[in-house]
Each structure stands twice: as C-alpha cells, then as structure tokens.
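S.K.: This is the structure I want to talk about, given as structure tokens.
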Amino acid sequence: MRAALLLRVVLAKMAHEQPFMAATPPPGPLDYSHSHPCVRWFRSTTLPLRVPLALLKGKWRARVCGAKRPTWNPRFEAYVTALRSATKNAPRDVGLLRAATSVSVPGPLLPAGVLRCTERLTRPDGSELAVEFVWPRAATPMAELSRKWSTTSAQTTPDVVRTTEFRELLRTAPALVLVHGGAHCLCGRGTHRDLAFRLALATGGVIVMPDFRRPPDASSADALDDVRAAYERVLELGASRACVGGDSAGGGLALAFAIKIRDAGATPDGRDGAWRLAPPAGCLAISPWVDLGEERTGGSRLSNERWDFLPGDMIDLLARETVEASGSDASHSPVKFDLHSLPPTLIQTGQCEVLHDQQVRLCAEIKISRRDCP
C-alpha cells in the first residue's frame, strides 16, 4: 500500500499536478477549467449559440417533465439553464468576463412608468463618478418636460434632481442607494437597471445606483468610497429615509458600508471623519456574498452546484482577484466583522444557492448581535 501511495505521488509530480491528497476541491458540474485549451476555446467561441439553445431547452424540459424544483416555474428554469450554459462556457479571464457583462438592458425590455437621470460627481482625485437616479414617473409630473430624445425615453436631464418637485419626493418617500452585484469585478448600472426600475415601482421611492470602481483595478475600499459619495449626495438633496442595499457582492458591500458608518460614529478621536454620517434607515441584502474566503470543500458550496448557475471555479477566481486588489482591507467579507448596532436589515437567500450557508451564518450572527431581531 505504501508503495502504491508513493507511486501515485511521484506520478502526480511528474505531471506537474498537485498530489491527489492535496485539499483541492473537485471540479463541479460547471467547471471545465481543467479541459484542454482547444476545448475551452471552442466552448467560448460558440457561447452566443449555446445560450439561446439552453434557454429553449430549459423551457421545453420544464413544460414537458416539470420544473426541477417545487418553487420553480418554466420561465425561471429556462433562465437558470441559460445562465448555467453562459457561465460554464465563459472564458476564465476577468477582462473578457467584464467586457461580456458590461451591457445594458435594452430600453423596450424595461418596465414602463419610470424616469431616470445620471449625475456626475467629482472624486477627490478629480475623476468622475456617475450616479444614476431612478424613480416612478407619476411622482414627478413636471419632470416629463425634461425627458430627452423622445417621449418614450425614460432618460431626463440631470438638473431634475435639483428641482423642488424631486426634493419633495426624497423628503416623503424612501431612497435606496443600490450597490449592484457582479462578484465585485463584473456588471454595472446597465445590467441592474431592470432591478432598479422594479424597486422604484414597488417602493414608490428613489433608487440611486453609483457606478463604483471595481477590482482588479481598484480595491473594496475604493468601491465603498464611491458608495459613500452617492449616499452623501442623497443626504444633501434632503432624503429623510436613506437606505442602502444590493445584491450578491453588492449586498456584501452594503453591509460593509453600514458597518463602516457605525464604527466611524463610535470613534471619539475624529478618525474617519468622512464616514461620520447619519446611519442608513435600513439595509437590504439580496443573496449577499459576505465571505470571500469560504472554501469549496463542503456544504452548499458543493451540494448546490447542481442547481446554481455560478461555477465554483469562477467564484474562486473572482474572489482571488478581489482579495488581491484589496490587500489587508477585508471589507469585502462583512460576516467576519462585529455585526452589532446595524440598522434594520432584510436578508434574502435561496436554498439552491452555493452561497446559502454563509448567508444563513450571516443571519445567525445578526440575530445574536441584535436582540430585537425576530
């Protein structure tokens, strides 16, 4: 037995691979990173054809055989199947992934009855930060006069946010600074515009989306600085109920933002003066990614790979890029911080998510820290 063990270790080293007993996670159902380069190239180049076919396949299978999960309908399963095909065959390169996800939802596909405008703020280094405001059209009748290009466009001029009508909306309705998801490195305002439109219609308030900096070009601290700038702008405009929230990595950053403001308010010596702001009225975390150091060795990281559309190797790649860009700053993993004295927080998670375990752990930690939490 010892001879066989030694032989396997030697063969693994000769093949320039890790020994079989190394603690490396097994490849998941969406992980083809160990395939031949020609196979990876073929999968990536045929991606535009694979995704629509997967969409049709998922919808047909759900209608004929029934949905895979009790709470899924054919439409949802079709979307999941298409996303699984996209992430499985996408190149494992952050630059290419960012280019592929830097798209905007076409205007005709967005919900009607919403207006938006983009204001540009100036960072301390002189660069610009684009901040998009989204709100229900019925709440500001006079803003109709500022709509650009055509009467069917949702875009208005930036000066709308300085009008008395818009300030009155901020004073009476909630405002949500929405930090978009995308595994910290990907996506943008355009990809999450549909979510922002629907939140604006559902809440009757103003949704504010900053185009924050992302790794690997910037750190998590830089992203939080941009979120703070958008939050400060909302307070300057007179918002009475300013909240912060996000999905996936954006949900984690929203929690880190609330923690940062809490800690700055508890610092008596004046440090972090820029963060001494009014705390958010609430926090929203939709399927938040709160622990980038979680290993793919068990739990939902492995068991839910058969359902989720996020491949384990892609999660590890983007986590590694974010951690390396952030250095010693760990604000990308808020579950590792003390979670006491946070504002009222709504956390949404799904049983089929690969990140389900860490989201449940986050809920448990907040409940322990807040006795008034149900």
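Coordinate-derived values only; no laboratory data. This is a predicted model, so every value here is computed, not measured. Here Cβ is always computed from backbone atoms with ideal geometry, including for glycine, and neighbour counts include all displayed protein chains.
S.K.: What ranking of V51, V64 emerges when the number of other C-beta atoms within 10 Å of each C-beta is taken as an exposure proxy, fewest first?
M.R.: Listing V51, V64 from fewest to most nearby Cβ atoms yields V64, V51.
S.K.: Compute the distance from the alpha-carbon center of region 40-99 to that of region 159-184, in whole Å.
M.R.: Measuring centre to centre over Cα atoms gives 34 Å.
S.K.: For K57, give me every one of the aspartates and glutamates with a C-alpha distance below 15 angstrom, ignoring sequence neighbours fewer than eight places off in its own chain.
M.R.: In chain and number order, the partners are E77.
S.K.: Roughly speaking, what is the stretch gain from V64 to A202, that is 0.36 nm per residue apart minus the C-alpha to C-alpha distance, in nm to one decimal? Present the calculation step by step, with values, prior to reporting the outcome.
M.R.: Values: separation 138, 0.36 × 138 = 49.68 nm, distance 3.35 nm.
Once the chain is fully extended between V64 and A202, it gains 46.3 nm.
S.K.: Can I ask one more? List V208, V161 from most exposed to least, where exposure is judged by having the fewest other Cβ atoms within 10 Å. Could the numbers behind the result be given before it?
M.R.: Numbers: V208 29, V161 23.
So the residues, fewest neighbours to most, are V161, V208.
S.K.: Between A99 and A218, what is 0.36 nm times their sequence separation minus the Cα-Cα distance? Round to one decimal in nm.
M.R.: Difference between extended and current length: 41.2 nm.
S.K.: Right, here's the next one. Roughly how many whole Å is it from the C-alpha centroid of region 205-256 to that of region 275-341?
M.R.: Taking the Cα centre of region 275-341 as reference, the centre of region 205-256 is 16 Å away.
S.K.: As a footprinting exposure proxy, order C187, C65 by other Cβ within 10 Å, with the fewest listed first.
M.R.: Ascending Cβ contact count within 10 Å gives the list C65, C187.
S.K.: Sketch the reach of a paramagnetic label on S240 as a point 7 Å from Cα along Cα-to-Cβ, and name the residues of region 162-178 whose backbone nitrogen lies under 17 Å away.
M.R.: 164-176
S.K.: Restricting to region 109-369, compute how many DSSP beta bridges are antiparallel as a %, nearest 5.
M.R.: Roughly 45 percent of the beta bridges in region 109-369 run antiparallel, per DSSP.
S.K.: Between T71 and R167, what is 0.36 nm times their sequence separation minus the Cα-Cα distance? Round to one decimal in nm.
M.R.: 30.5 nm
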